[in-house]
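Enquirer: Quick one: this structure, given as structure tokens, is what I'll be asking you about.
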Amino acid sequence: MRSLERHRDVGAYALGVLDETEAFRFEDHLMECPQCAAQVTEFGPTARQMMLYRRATPRAVHPFAGPGPQLLDRLLAEVATRHRAVRRRVLYAVAASVVVALAGPVLALMAGGADADERAVRVTATDEKSGVWAQVTTEDEAWGSHVELEVKDGAGPRSCRLIAVGRDGSEQTVTSWTVPKHDARPNTVQGAAAWHPDEILRYELRTSAGEHLVTLDSQ
């Protein structure tokens, strides 16, 4: 018997209407066809219902009358539809998990960015004498403060430092940089202080020789 006909015997085998020879042949086919084996399992509830129906069949109908080709085709179609529905549910579940997995880091970054903005303290000042403009953004960290400095200074070349002055009057060097010659473009540098933002009274920009450039009062 051809392979296609073997596949069509799934319903008849599950309902027990194959003769002994055909049943043995189909069982040999089952050993090599996982698809038919799965469909036989799917036919379990339907087969039980058919057996109950057979017991209640009027005497006018032969008790061993088997289902016709149309019924078998319908049963096969129902099983195929059920398999497609299961595959769709699995695909939807996988797609949803991928979306969640991909969205998780993005949401975390967005939340982290929002938290960072809330923690940041930004102060800006311009010194009329030196003409230096500076902006300091301080972010509270577990170990102290992360500091970002943006400065405009057209009086280079010179080496400069950003100094944090504590509320007790002590000082810490946050960062240092070199101003290029005749370059008034903004310069951004990163630094750090061991104090938390609420422990810093003000920031001062000074040259390496100690010349005062601009003061930024901490809020």
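The values are calculated or read from the model by the stated rules, or taken from the named source; none is laboratory data. Note that the coordinates shown come from a computational prediction; the quantities given were computed from them, not determined experimentally. Backbone-built Cβ (ideal geometry, glycine too); neighbour counts: all protein chains shown.
Enquirer: Among all residue pairs at least 6 apart or on different chains, which show Cβ distances below 8 Å where the first residue, located in segment 174-192, is more than 11 Å from Glu148 (Cβ to Cβ) and the second is acidic (Asp, Glu)?
Expert: Note: pairs meeting the criteria are Val179/Asp153; Ala184/Asp153; Pro186/Glu150; Asn187/Glu150; Asn187/Asp153.
Enquirer: Taking the conditions exactly as written (in contact (Cβ under 8 Å) with a residue 60 or more places away in the chain and under 20 Å from Ala120 (Cβ atoms)), does Leu216 satisfy them or not?
Expert: yes
Enquirer: Taking segment 125-150 on its own, how many of its residues are assigned to a strand (DSSP E or B) and within 38 Å of the chain's Cα centre (by Cα)?
Expert: Of the residues in segment 125-150, 14 are assigned to a strand (DSSP E or B) and within 38 Å of the chain's Cα centre (by Cα).
Enquirer: Go through segment 164-219 and count every residue that is farther than 25 Å from Gly154 by Cβ and assigned to a loop (DSSP other than H, G, I, E, B).
Expert: Residues flagged as farther than 25 Å from Gly154 by Cβ and assigned to a loop (DSSP other than H, G, I, E, B) within segment 164-219 amount to 9.
Enquirer: Also, I was wondering about something else. May I ask you to list the residues in segment 165-206 that are in contact with a Lys or Arg (Cβ under 7 Å, 6 or more places away or on another chain), modelled with pLDDT of 95 or more and closer than 16 Å to Asp127 by Cα?
Expert: Arg206 - this is the single residue of segment 165-206 that is in contact with a Lys or Arg (Cβ under 7 Å, 6 or more places away or on another chain), modelled with pLDDT of 95 or more and closer than 16 Å to Asp127 by Cα.
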